[in-house]
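**Q** Dropping the structure in here first, questions after.
The values are calculated or read from the model by the stated rules, or taken from the named source; none is laboratory data. This is a predicted model, so every value here is computed, not measured. All Cβ positions, even for glycine, are placed from backbone atoms using ideal geometry, and neighbour counts span all protein chains on display.
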Amino acid sequence: MTAGPVTAVDDAAEAFERLRRHLSPKLALTGSFAGRGAVEASGEGCRVMLSDGRSVLDFGSYAVTLLGHRHPEVVAAVRHQLDTMPTSTRSLANPVAARAAARLAGYLGDVLPKVYFGLNGADVVEVAVKLARLASGRPRVIAVRGGFHGKSLGALALTHSPLYRVGLRGCAVDVVHVDPADPAAVLRELAGGDVAALVFEPVQGENGAAALPLDVLRRWSEDAARQGAFVIADEIQCGLRRCGERSVALAEGLPVDAVLLGKPLGGGVVPLSALVCSERLYAPLAADPFLHSATFGGHPLSCAALPAALDAIEHLAGHGRMLSDQLAAELELLRRRHPGVVAELRGRGLLRGIDFTSPRAAGAVVVELAAAGLLVSPCLGRPTTVRLLPPLVSTEADVAEAVEILDSAVAVAERTAGG
Ligand SMILES: Cc1ncc(COP(=O)(O)O)c(C=O)c1O
């Protein structure tokens, strides 16, 4: 076996063997299926080059690559930090994290002044819930049916699908999941006076790009706020203009105490997530910063990426609206061409779900897409849905190409899966 970093010339078969032996046989299997036996080798914009020389269009990557792969300004900012001080002492002050926090609070309109940085989305779900419980002195959390908030034990308690909790009864947080079809549900749950927070995804990504009804979110949030429970918008997937707005909840004027961001926050180059919140929610951490800390929180490489990432996102925001309109129009035509197999279109902006009439039909589409070179993200919680997450850096021609590939795949699925 060779030592050192995996490169494009590394033998793909060896990579799969290592994956099987040291990580997971299932990961090896699904990766081999997606790459048709090749592994990812390099990325640029919305394309990923494979070890066998092919390139695929990346409209997946689980929403991380909003700026595509290796956005040049983000790479330059990270490279500069790499060449100066890539890691923090954690005893001296870290100016890179301080600059990133100020920039992020300003980006969201300076209404939520406090910031906590994590690496993964679940990190900031955990800290948001912990702070809500400490600041309110109440134990319970209200989350929403269909919501996904991560898989670490605390975040997992808020994630709705029981699929992720098999063998793990009794998660660490006391959570009730309310139904978006029930506008009075939050008020009822608040009656006991023991609710610390209401947590929701304005557009549920893992649940197939399901946008929650805004009138229900408004009613729930106002009920929670009136009763002193914290209102937390998990925009780890739908925020940062993925769905058009910097924050969906803030743009709608919902009375939120916190917005959670992640995935593309590090520009698709480095891992970064953030809790951006009110003084009231942050109070326990302001009093004692060691109440919740992690070795790599506020990591200079990640925080260096943030200003460059936000600049790039804003620069492309208008283009993103145009791409979103184009995608919506082209998907609607596709739906009309294949009424027997496409059940429903969902989503907003550059987060779109195509719901098929059966898991078999959706599976057949995914098989065809892998062969034709379009990467999409499946939805584990909703096996009938295929999720499209085009990067802001896509061109109109990229979107047209993706829909064309999709159209051929759906036509094959229509024949083989019988709708
Ligand atoms: C809305 C939402 N919240 C939280 C998470 C968890 O993020 P991570 O997987 O980075 O922990 C995800 C991940 O898909 C998500 O979509």
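**Q** Could you tell me whether region 271-278 includes any residue that is surrounded by fewer than 22 Cβ atoms within 10 Å (Cβ to Cβ), touching a residue at least 24 places away in the same chain (Cβ under 8 Å), closer than 23 Å to Ser88 by Cα and not aromatic (Phe, Trp, Tyr)? Walk me through it before giving the result.
**A** First, pick out the residues of region 271-278 that are surrounded by fewer than 22 Cβ atoms within 10 Å (Cβ to Cβ): 271, 278.
From what's left, touching a residue at least 24 places away in the same chain (Cβ under 8 Å): 271, 278.
Narrowing the set further to residues that are closer than 23 Å to Ser88 by Cα leaves 271.
Retained after the next criterion (residues that are not aromatic (Phe, Trp, Tyr)): 271.
The answer is yes; a qualifying residue exists.
**Q** Name the residue that is farthest from the ligand (Cβ to nearest atom), counting only residues in region 63-99 that are charged (D, E, K, R) and more than 28 Å from Ser293 (Cβ to Cβ). Write out each step before concluding.
**A** First, pick out the residues of region 63-99 that are charged (D, E, K, R): 70, 73, 79, 83, 90, 99.
Those left that are additionally more than 28 Å from Ser293 (Cβ to Cβ): 70, 73.
Working: Arg70: 20, Glu73: 23 Å.
That would be Glu73.
**Q** Within region 212-234, restricting attention to residues that are under 25 Å from Pro139 (Cβ atoms) and among the acidic types (Asp, Glu), which residue is nearest to the ligand (Cβ to nearest atom)?
**A** If we filter region 212-234 for residues that are under 25 Å from Pro139 (Cβ atoms), which is where we start, we get 212, 216-217, 219-234.
Filter again for among the acidic types (Asp, Glu), leaving 222-223, 234.
Numbers: Glu222: 22, Asp223: 22, Asp234: 5 Å.
Of everything passing the filter in region 212-234, Asp234 is nearest to the ligand (Cβ to nearest atom).
**Q** Then there is this: What single numbered condition from (1) over 30 Å from Val366 (Cα atoms); (2) in contact with a Ser or Thr (Cβ under 6 Å, 6 or more places away or on another chain) fails to hold for Ala93?
**A** (2)
**Q** Can you tell which of Ala172, Ala157, Ala132 is at pLDDT 95 or above and among the small types (Gly, Ala, Ser)? Outline the logic, then answer.
**A** Values: Ala172 fails: at pLDDT 95 or above; Ala157 fails: at pLDDT 95 or above.
Checking each option against the conditions leaves just Ala132.
**Q** Please enumerate the residues belonging to region 180-211 that are over 20 Å from Arg346 (Cβ atoms) and within 14 Å of the ligand (Cβ to nearest atom).
**A** Val199, the sole residue that qualifies.
**Q** Here are Val412, Val403, Val386: which of them is buried (at least 24 other Cβ atoms within 10 Å of the Cβ) and assigned by TED's automatic domain parsing to the domain that holds Val56? It would help to see each step written out before you state the result.
**A** Details: Val412 fails: buried (at least 24 other Cβ atoms within 10 Å of the Cβ); Val403 fails: buried (at least 24 other Cβ atoms within 10 Å of the Cβ).
Val386 is the lone residue from the list that is buried (at least 24 other Cβ atoms within 10 Å of the Cβ) and assigned by TED's automatic domain parsing to the domain that holds Val56.
**Q** Can you tell me which residues in region 213-230 are surrounded by 20 or more Cβ atoms within 10 Å (Cβ to Cβ), touching a strand residue (DSSP E or B) at 6+ places or on another chain (Cβ under 7 Å) and either hydrophobic (A, V, I, L, M, F, W, C) or touching a residue at least 40 places away in the same chain (Cβ under 8 Å) (or both)? Show your work before the answer.
**A** Initially, region 213-230 is screened for residues surrounded by 20 or more Cβ atoms within 10 Å (Cβ to Cβ), giving 216-217, 220-221, 223-224, 229-230.
Now restrict to residues that are touching a strand residue (DSSP E or B) at 6+ places or on another chain (Cβ under 7 Å): 217, 220-221, 224, 229-230.
Across region 213-230, the qualifying residues are Leu217, Trp220, Ala224, Ala229, Phe230.
**Q** How do the helices (runs of 4 or more DSSP H) wholly within region 1-119 filter down when requiring 3 or more residues that are more than 30 Å from Cys243 (Cα to Cα): which remain?
**A** It comes to 12-18, 25-34, 72-84.
Residue-by-condition table, conditions (1) more than 22 Å from the chain's Cα centre (by Cα); (2) of a type in the set (Asp, Glu):
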{"position": "Asp325", "(1), (2)": "no, yes"}
{"position": "Leu334", "(1), (2)": "yes, no"}
{"position": "His338", "(1), (2)": "yes, no"}
{"position": "Pro383", "(1), (2)": "no, no"}
{"position": "Ala411", "(1), (2)": "yes, no"}
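**Q** Could you tell me which residue of region 125-146 is nearest to Gly208 (Cα to Cα), considering only residues that are over 18 Å from the mean Cα position of the chain (by Cα) and in a strand (DSSP E or B)?
**A** Top of the filtered list is Ile142.
**Q** Then there is this: Got at least one residue in region 286-307 being closer than 30 Å to Ala77 by Cβ, outside the structural domain of Val127 (by TED's automatic domain parsing) and not aliphatic (A, V, I, L, M)?
**A** Here is the first cut: in region 286-307, the ones closer than 30 Å to Ala77 by Cβ are 286, 289-290, 292-307.
So of that shortlist, the ones also outside the structural domain of Val127 (by TED's automatic domain parsing) come out as none.
No, region 286-307 contains no residue that is closer than 30 Å to Ala77 by Cβ, outside the structural domain of Val127 (by TED's automatic domain parsing) and not aliphatic (A, V, I, L, M).
**Q** Something else now. Among the residues of region 17-62, what is the count of those that are of a type in the set (Val, Ile, Thr) and either free of Cβ contacts under 8 Å to residues at least 40 places away in the same chain or within 16 Å of the ligand (Cβ to nearest atom) (or both)? Steps first, answer last, please.
**A** Here is the first cut: in region 17-62, the ones of a type in the set (Val, Ile, Thr) are 30, 39, 48, 56.
Checking the rest, the ones that are also either free of Cβ contacts under 8 Å to residues at least 40 places away in the same chain or within 16 Å of the ligand (Cβ to nearest atom) (or both) come to 30, 39.
Residues in region 17-62 being of a type in the set (Val, Ile, Thr) and either free of Cβ contacts under 8 Å to residues at least 40 places away in the same chain or within 16 Å of the ligand (Cβ to nearest atom) (or both): 2 in total.
**Q** Continuing with this model, one more query. From the list His177, His149, pick out the single residue that is within 13 Å of the ligand (Cβ to nearest atom) and either surrounded by fewer than 15 Cβ atoms within 10 Å (Cβ to Cβ) or within 17 Å of Leu212 (Cβ to Cβ) (or both). Show your work before the answer.
**A** Values: His177 fails: within 13 Å of the ligand (Cβ to nearest atom).
Exactly one residue qualifies, and that residue is His149.
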